[in-house]
Amino acid sequence: MQPATPTSLLAVYGTLRRGYRNYPLIERGSTHLGVGHLRGRLIHVASPVRRYPYPGYLPDGSSAASRAVVEVVDITDASLWPSLDALERYVLDDPDGSEYLRLPTTAHMVDGSALTCWTYVYNADTEGYADVPHGDWAALFPPDVTGP
């Protein structure tokens, strides 16, 4: 699914945030636009596939109070998208087999603006995964690499 208006914006909520292990993948090819939230919730994924913890975003918040804290970045280097899709195990031609789907969403920024952007939505079984407190990955795990 494509956003109605093509966008280079991406809302990140876990290991792609500044200071986290996968941020270096986007550091040089993106511009940080600010902090906001998505409506929905984050879960803590304990995957046997990866050696590190990570969150999954689910846009199924039943109330406006359900929020996932995000940083919005402008992906200025379009060649990053295939690497990001690979990290998230998103395969355009195999949505059922993808761990995440890259879908359009609206990020509600702290300055009151709303931005149309992409985000990765968790697309696997969620049985037994706990919600991330306050919808903020930093509430569970402090940054793990030096960020700007």
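Just so you know, all these numbers are worked out from the coordinates, no wet-lab data involved. It should be emphasised that the depicted structure is a prediction, and the values quoted were computed from it without experimental measurement. Please note: Cβ atoms are built from the backbone with ideal geometry, for glycine as well, and neighbour counts cover all protein chains shown.
Which of the GluC sites (Glu not before Pro) found in segment 47-148 are loop residues per DSSP with 11 or fewer other Cβ atoms within 10 Å of their Cβ? Answer by residue number: E127. In order along segment 39-47, the Karplus-derived 3J(HN,Hα) couplings, from 6.51 cos²θ - 1.76 cosθ + 1.60 at θ = phi - 60°, round to 6, x, 8, 10, 10, 8, 8, 10, 8 Hz, and Gly and Pro are given as x.
A Förster radius of 25 Å combined with the Cβ-Cβ distance from R51 to D93 puts the calculated FRET efficiency at roughly 0.35. Amide hydrogen proximity for Y100: with H placed 1.01 Å from N in the peptide plane, the residues at 5 or more positions away or on another chain lying under 5 Å are Y90, N123. For the pair A130 and R21 in one chain, pulling the backbone fully straight at 0.36 nm per residue adds 37.1 nm over the alpha carbon distance. So if the hydrodynamic radius of segment 63-148 is defined as the Kirkwood radius over C-alpha pairs, what does Stokes-Einstein give as its diffusion coefficient at 4 °C and 1.567 mPa s, in µm² per second? Here the translational diffusion coefficient equals 86 µm²/s.
Could you tell me which of rounded, prolate or oblate describes segment 5-148, using a ≥ b ≥ c as the square roots of the eigenvalues of the alpha-carbon gyration tensor, with rounded for a/c under 1.5 and, failing that, prolate when a/b is larger than b/c and oblate otherwise? Note, shape of segment 5-148 comes out rounded. Over segment 98-142, all Cα pairs binned in 10 Å intervals from 0 give whole-percent P(r) values of 22, 38, 36, 4, listed from short to long. For segment 132-141, backbone phi angles converted through the Karplus equation (6.51, -1.76, 1.60; θ = phi - 60°) give residue-by-residue couplings of 7, x, 6, x, 10, 4, 5, 5, 9, 9 Hz, Gly and Pro being listed as x.
Which percent, nearest 5, of DSSP beta bridges in the chain are antiparallel? List each step's numbers first, then the result.
Details: 30 of 31 bridges.
Antiparallel bridges make up about 95 percent of those DSSP assigns within the chain.
Dipole check for segment 31-82: with +1 at the C-beta of Lys and Arg, -1 at the C-beta of Asp and Glu, and the Cα centre as origin, the magnitude is about 280 Debye.
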